[in-house]
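Notes follow once the structure below has been shown.
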Amino acid sequence: MNRTSRFRFGYLPVAAIVYALLLVPVLLIIITSLTTASVPTIPTDGLSLEWYAELAGDDQIISALVVSTVVAVSSSIISGLIGTITAFGFVRSDFPYKQTVSTVLLLPLMISPVITGLAIVQYAGMIRLPGDYPALILGHVVLTLPYVFLIIRARLVTFDETLEQASLIMGANRLETTLNVTLPIIAPSVFTGGLIAFVVSFGEFTATQFLISPGTTTVPVIIYTELRTGLTPTISALATVLAVIMLVAAILGEASGGDA
């Protein structure tokens, strides 16, 4: 056995342990959501979808799913637009204190979401922003924008600018070149950034709990609220739905990134 083979042989068990630590808790949630018992246990008497049926009939949970979807889609679109424009400004222009401004834009990744949530609550009150969807979407845009900005900026840094120069030489102006050459090429990165923003927004809890109102409760907040009264198979089913939504978004983002 050569050195490379020995390294691979030693690496695989470690990788298996790491993946087990990461995935087994999620798998347990999925399995316990299929139990026939009234408590989340590993099924021994067969599998059942009754808790998913109960989930579908719960108006509060359905409302939370709608709110989470609306907020996640809205924040990902807004973050995508602002993040794309901002990334273009940073990559294609020079201005004083450029790195300082970039650090400020990334602050939501560095500070606690609790602080971000409190800050958004105070700011929304100062500008008299309604406490339903607008404040919630604003908070999620603040939290997701850095992800989009980083992804698109990284793509623009590696962009082949000779393609734009060729377009300009052929008679297109700067706007036409951006719309017809640059944006179609970086579109997979924009799409990936939007999907990551969607996943982050859909699963955000810490800052969201400061921004919700009785009519705009999100899925993570519902899960936390229900857990305070005890773990049930319905919560496991809801957590499974949440995990599936995020997994699908992650797969789509990975496929898009692979095409970039």
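The values are calculated or read from the model by the stated rules, or taken from the named source; none is laboratory data. Predicted model, so just to flag it, every value in this text is computed and none were measured. Every residue, glycine among them, receives a Cβ derived from its backbone with ideal geometry; neighbour counts consider all protein chains shown. Each accessible area value is taken on the protein alone, full model and side chains, heavy atoms only, with ligands, DNA and RNA left out. Shrake-Rupley method; radii C 1.70, N 1.55, O 1.52, S 1.80 Å.
With the requirement that a residue be farther than 16 Å from V241 by Cα and exposed (fewer than 14 other Cβ atoms within 10 Å of the Cβ), what does region 46-80 give you?
Residues satisfying the conditions are G46, L47.
Taking T234 as the residue in question, decide whether it is open to solvent by less than 80 Å² (accessible area, probe 1.4 Å), more than 25 Å from S76 (Cβ to Cβ), in contact (Cβ under 8 Å) with a residue 60 or more places away in the chain and among the β-branched types (V, I, T). Talk me through it step by step, then tell me what you get.
Details: open to solvent by less than 80 Å² (accessible area, probe 1.4 Å): yes; more than 25 Å from S76 (Cβ to Cβ): yes; in contact (Cβ under 8 Å) with a residue 60 or more places away in the chain: yes; among the β-branched types (V, I, T): yes.
When the stated conditions are applied, T234 passes them.
Residue by residue through region 194-230, note down the ones that are assigned to a helix (DSSP H, G or I), among the aliphatic types (A, V, I, L, M) and under 25 Å from I115 (Cβ atoms). Please lay out each step first, then the result.
Just the residues of region 194-230 that are assigned to a helix (DSSP H, G or I), to begin with: 194-203, 208-210, 219-227.
Still in the running and among the aliphatic types (A, V, I, L, M): 195-197, 199-200, 219, 221-223, 227.
Listed by number, the residues that qualify are I196, A197, V199, V200, V219, V221, I222, I223, L227.
Can you pull out every residue in region 118-160 that is open to solvent by 70 Å² or more (accessible area, probe 1.4 Å) and under 27 Å from V91 (Cβ atoms)? Spell out the reasoning first.
Of region 118-160, the ones open to solvent by 70 Å² or more (accessible area, probe 1.4 Å) are 118, 122-123, 126-128, 130, 132-133, 147, 157-158, 160.
Within region 118-160, Y147, V157, T158, D160 meet the criteria.
Looking at this structure, is L242 part of a helix (DSSP H, G or I) and modelled with pLDDT of 90 or more? Write out each step before concluding.
Numbers: part of a helix (DSSP H, G or I): yes; modelled with pLDDT of 90 or more: no.
Answer is no for this residue.
Of A187, A166, A172, which residue is within 25 Å of H140 (Cα to Cα) and free of Cβ contacts under 8 Å to residues at least 12 places away in the same chain?
Numbers: A166 fails: within 25 Å of H140 (Cα to Cα); A172 fails: within 25 Å of H140 (Cα to Cα).
Answer to the selection: A187.
Filter region 93-117 for residues that are in contact (Cβ under 8 Å) with a residue 12 or more places away in the chain and either open to solvent by 80 Å² or more (accessible area, probe 1.4 Å) or not in a helix (DSSP H, G or I) (or both) and give the result.
L106, S112
Is it true that some residue in region 174-193 is part of a helix (DSSP H, G or I), in contact with a Ser or Thr (Cβ under 9 Å, 6 or more places away or on another chain) and closer than 30 Å to G125 by Cα?
Yes, some residue in region 174-193 is part of a helix (DSSP H, G or I), in contact with a Ser or Thr (Cβ under 9 Å, 6 or more places away or on another chain) and closer than 30 Å to G125 by Cα.
Against the definition (surrounded by fewer than 18 Cβ atoms within 10 Å (Cβ to Cβ), of a type in the set (S, T, N, Q) and closer than 23 Å to V26 by Cα), how does T225 come out, yes or no?
Details: surrounded by fewer than 18 Cβ atoms within 10 Å (Cβ to Cβ): yes; of a type in the set (S, T, N, Q): yes; closer than 23 Å to V26 by Cα: yes.
Taking the combined requirement at face value, the residue satisfies it.
Among the residues that make up region 169-188, is at least one of them within 18 Å of the chain's Cα centre (by Cα) and under 20 Å from V26 (Cβ atoms)?
No: zero hits.
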